[in-house]
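So the structure is just underneath, and the comments pick up after that.
The values are calculated or read from the model by the stated rules, or taken from the named source; none is laboratory data. As the structure is a prediction and not an experimental result, all values here were calculated from the model. Here the Cβ is made from the backbone with ideal geometry for all residues, glycine too, and neighbour counts use every protein chain on show. Only protein heavy atoms, including side chains, enter the accessible area calculation; ligands, DNA and RNA are left aside. Shrake-Rupley method; radii C 1.70, N 1.55, O 1.52, S 1.80 Å.
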Amino acid sequence: MSYFLAEESLHKGDISTITGEEAQHILQSRRMQVGDTFHLQGPDEKRFHVHIIELGKSKLEVEVAHSVPVPRESPLAITLCQALTKEKALDTVIQKATELGVHQLYIFNTERTPERLPNALEGRLERWQKIAIEAAKQSDRVRGVSIVWHSDFQEVLRATKTIPF
């Protein structure tokens, strides 16, 4: 079962308000109603079964019913090094890497990279992280792949020397 993310830690019996993108997804895409149930995970990576008690235009309130077991993450710390590709292809790589259990993804420029990252690197990293989070939620992982930008392959090699193989 897919889950949604809460902004604060949850406890049994709490009433929690969901806003922002998560609320929009629940209200508009899933079209959930009062009484519907789903799983909600807090920033402490604890998951709870919740049910909707009140709907608003851009927010909803849920009552936290009980905790549910969180799937175990793989003990393998898989690192994937990926040269920068066109945007759509890289989105797919991030999604599939997350679904397959990759722990860390290094993205880097190469001599023949089809596009160079614009000055808005921070915005790109934020977008990639959102893709990883959505893929994690769909594949029932606790967290998405951690994405790290490196300017070239030499920098990746220096970074991976600290990784035990």
Output for the stretch 130-164, where each listed residue is open to solvent by less than 50 Å² (accessible area, probe 1.4 Å), assigned to a helix (DSSP H, G or I) and among the polar types (S, T, N, Q): Thr160
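Rundown of residues vs (1) closer than 21 Å to Asp140 by Cα; (2) touching a residue at least 24 places away in the same chain (Cβ under 8 Å); (3) among the hydrophobic types (A, V, I, L, M, F, W, C); (4) open to solvent by 50 Å² or more (accessible area, probe 1.4 Å), yes/no style:
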position	(1), (2), (3), (4)
Glu7	yes, yes, no, yes
His11	yes, yes, no, yes
Thr17	no, yes, no, yes
Gln28	no, no, no, yes
His39	yes, yes, no, no
Glu45	yes, yes, no, yes
For the condition closer than 30 Å to Gly35 by Cβ, in contact with an Asp or Glu (Cβ under 8 Å, 6 or more places away or on another chain), small (Gly, Ala, Ser) and at pLDDT 90 or above, what is the one hit in Ala65, Ala135? Ala135
Identify all residues within the stretch 48-62 that are open to solvent by 40 Å² or more (accessible area, probe 1.4 Å) and either assigned to a loop (DSSP other than H, G, I, E, B) or closer than 15 Å to Glu7 by Cα (or both); write none if there are none. Lys57, Ser58, Lys59, Glu61
Which condition number in (1) part of a loop (DSSP other than H, G, I, E, B); (2) exposed (fewer than 14 other Cβ atoms within 10 Å of the Cβ); (3) among the polar types (S, T, N, Q) is the one that Thr113 fails? (2)
Residue identified as under 30 Å from Ser151 (Cα atoms) and loosely packed, with under 12 Cβ neighbours inside 10 Å among Leu90, Leu76, Leu84: Leu76
